[in-house]
1. Using Cα-only point scatterers and the Debye equation, what is log10 of I(q)/I(0) for the protein assembly as shown at each q in 0.08, 0.09, 0.13 Å⁻¹, rounded to two decimals?
2. For the stretch B:155-203, which trypsin sites (Lys or Arg not before Pro) are in a loop by DSSP, counting at most 10 other Cβ atoms within 10 Å?
3. Tell me which trypsin sites (Lys or Arg not before Pro) from the stretch B:35-90 have a DSSP coil assignment and no more than 15 other beta carbons within 10 Å of their own.
4. Could you do me a favour and compute the accessible area per residue for the stretch A:1-77, 1.4 Å probe, result in Å²?
5. Which residue, chosen from A:L92, B:A165, B:T103, occupies the Cα position most advanced towards the positive end of the dipole of the protein assembly as shown, where the dipole is computed from +1 (Lys, Arg) and -1 (Asp, Glu) charges on Cβ about the Cα centre?
6. With 21 Å as the cut-off, how large is the P(r) tail for chain B, expressed as percent of Cα-Cα pairs?
7. Between chains A and B, what is the buried accessible area summed over both chains (1.4 Å probe, protein heavy atoms, nearest 100 Å²)?
8. Give the relative contact order (percent, whole number) for the stretch A:9-149; include only Cα pairs under 8 Å separated by 6+ residues.
Amino acid sequence: MSWDYYQRDRRWHPPALTPDYKTSVARSPRLPLLSVESSLSEITGPTFSHTSLGDLDNDLIHNYTGEAAIGERTIVHGHVMDENGRPVRGALLEVWQANAGGRYRHVKDGYLAPLDPNFGGCGRCLTDDEGGYVFRTVKPGAYPFRNSANSWRMAHIHFSIFGAGLAQRLITQMYFEGDPLRAQDPIAQTIPDAAALDRLVAPLDLNASIPLDSLAYRFDIVLRGSRQTLFENKMEGA
Amino acid sequence: MPLEYPKESPSQTAGPFVHIGTVPSLAGLSLHPIAFGQTIAGPDVVGDRIVIEGHVYDGMGAPVRDMLIEVWQADPNGIYPHPADTRHAEVDSGFTGFGRVATDFDTGSFRIETVKPGSVPGRHDRPQAPHLSLWMVARGINVGLQTRLYFGDEAEANAADPLLALIDPATRRDTLIARAEGDGRYTFDIRLQGPKETVFLDV
């Protein structure tokens, strides 16, 4: 069997060592990564099913208590595709975020913004046959963090994405169009190429907004592509 | 004009609160009906039960207490429960092969309970020694770190493993081999930096 993933372009991703994001200094490997060809261990990966998801899993406004969370009601939708533009079906997306005030529901988050009693801050969904997904939430707030004395995170939603194989595994963050904190956010700025960071910025999508209800943002995600392009009539994985 | 293909979405750190989204129960949340990655091999899966324990250390030797480790492995016959492994129909239904473990919020230790994988076919049908694939994220890690865990009581298979053979100098191979303590117990430490830095993979 031959089903290789394209090589990951590490100049496009943030490097491991980014001193302006201070926590990376002691947590970045210093020796070169070992380059290996993918085997069954990498082209396979866990698979997930709709039967394992709950009805409210993709509704962060209501999935904590059933009562509506406070904040700007927001729809996030988009497509997951690979580097050939092919849809990635059945991809698991897990998201987590701070509440509208910029505080996480976590014992280690001591920020002085209030907790929203109706907001848990996590959700998940699977992509459909076209690679499409959608969830709704409240827009997260910006918040300060201990990096430099005056470091702030721009508003963001964390995304964990499982594609078809372990080699596609990705965790990233979605940002919102027009955020004034972009240029100083030390974590967004770990990405060296402004065009790469642009890819994590979701544009406002008024056409997908619900009048008098919710604003929508479109966030498309690209996972690694594989070389199995010339034999599309083959069975998946054959 | 060069050919234009979409590029992979760039990675960002999972941050300190990755458990909220991936293992909500650890963050004190009970939100989802089914938690993913809680059982790698159910009780009815035939195989040798094993427990792997260890710590993750940063470059200052301090334990990393907010690490999420994902485990992916073949079953005791070396088969992955995935359509890309054409033998997947033979895998026991209670075997997911996928686990999520977090380092302890106080001590930085982790524990993986599973069954020992069999030898896995590699490229060109060259056998690979039994191993777990590990993928790690935490605050301060900009791109998830991937590595493998091999077993110290498989010396012969390890000596013939094509991935271990690539590691130069050979003394670094030990960073991927869990020490066998008997009774199915293994110890395995992961070091992000330093003289014994774990070998991480660029797959």
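The values are calculated or read from the model by the stated rules, or taken from the named source; none is laboratory data. Everything numeric here is computed off the predicted structure, so don't read it as measured data. With ideal geometry, Cβ positions are generated from the backbone for all residues, glycine too; neighbour counts draw on all protein chains shown. Accessible surface is based on the protein model in full, side chains and every heavy atom, while ligands, DNA and RNA are left aside. Shrake-Rupley method; radii C 1.70, N 1.55, O 1.52, S 1.80 Å.
1. Treating every Cα as an identical point scatterer, log10 I(q)/I(0) equals -0.43, -0.55, -1.21.
2. For trypsin sites (Lys or Arg not before Pro) across the stretch B:155-203 that sit outside H, G, I, E and B with at most 10 neighbouring Cβ atoms in 10 Å, the list is empty.
3. Filter output for the stretch B:35-90: B:R87.
4. Roughly 50 Å² per residue, with all protein chains present.
5. B:T103
6. On the way: 11495 of 20503 pairs.
Tail of the P(r) past 21 Å holds 56 percent of the pairs.
7. Heavy-atom accessible area buried at this interface is about 7200 Å².
8. That works out to 29 percent.
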